[in-house]
Amino acid sequence: MNSRRKKRLTLAIALIAGVVAVTSLLLYALNSNMNLFFTPSEILHGKPDTGIKPTIGQRIRVGGMVTVGSMKRDPDSLYVEFAIHDGSGEEVIITYDDLLPDLFREGQGIVAQGVLSSAGRIEATEVLAKHDENYMPPEVAEAMGKNYKKLDYTGKQLSQQ
């Protein structure tokens with residue numbers, strides 16, 4: 001093999017190795033930043049179609065209805081703890097140490113993003129609440145499905161929508 005062919009072969013191998021390295025780093029970065037959506041029952045029992053459960057330490061998004069009477073506030077700080085459910089009777093505890101959205105209240109749909117700290121407990125970094133009485137986050141509405149029954153501000157059940 002002459003020197004010109006050796007240089008081309010070396011260049012081609014280096015180029016392929018560089019593309020493989022960049023692609024693998026990109027896929028690793030995207031995978032570590034991915035937030036999967038779960039409902040409370042999927043966190044505890046796994047997704048119905050695949051059985052996949054989130055692992056402790058994994059970043060996830062969870063959505064459901066805030067359980068009426070479950071909210072506990074620390075009087076000396078912004079720390080709050082509340083439970084959410086998805087109509088199946090399963091609940092997950094959300095802890096949050098920041099200001100809650102103005103429209104946050106018990107008996108409404110929310111989406112929280114955070115880290116699963118233990119089975120059934122999430123340390124949220126962000127809590128999103130609906131913006132009016134007719135809106136529910138699409139993931140929550142789909143997950144709630146036929147189990148969803150709208151609650152008024154006191155927690156009493158209204159007619160199903």
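The values are calculated or read from the model by the stated rules, or taken from the named source; none is laboratory data. As the structure is a computational prediction, the values presented were derived from the model and not from experiment. Using ideal geometry, Cβ is built from the backbone for each residue, glycine included, and neighbour counts are taken over all protein chains shown. Just so you know, the surface numbers come from the protein's heavy atoms only, side chains and all, with ligands and any DNA or RNA stripped out. Shrake-Rupley method; radii C 1.70, N 1.55, O 1.52, S 1.80 Å.
Tabulated data for the structure shown
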item: Relative contact order computed over region 41-130 (Cα-Cα under 8 Å; 6+ residues apart), in percent; result: 30
item: Net charge, Met71 excluded, C-beta distance under 11 Å - Lys, Arg +1, Asp, Glu -1; result: +1
item: Estimated inter-spin distance, Met1 and Lys53, nm [label 7 Å along Cα→Cβ]; result: 5.3
item: Listed residues Leu25, Leu36 arranged by accessible area, highest first, probe 1.4 Å; result: Leu25, Leu36
item: Amide H contacts under 5 Å for Tyr79, placed H, 5+ residues apart; result: Asp74
item: Percent accessible area from carbon and sulfur atoms, region 1-55, protein chains only, probe 1.4 Å; result: 67
item: Accessible area in the full protein assembly, largest first, 1.4 Å probe, for Ile93, Ile16; result: Ile16, Ile93
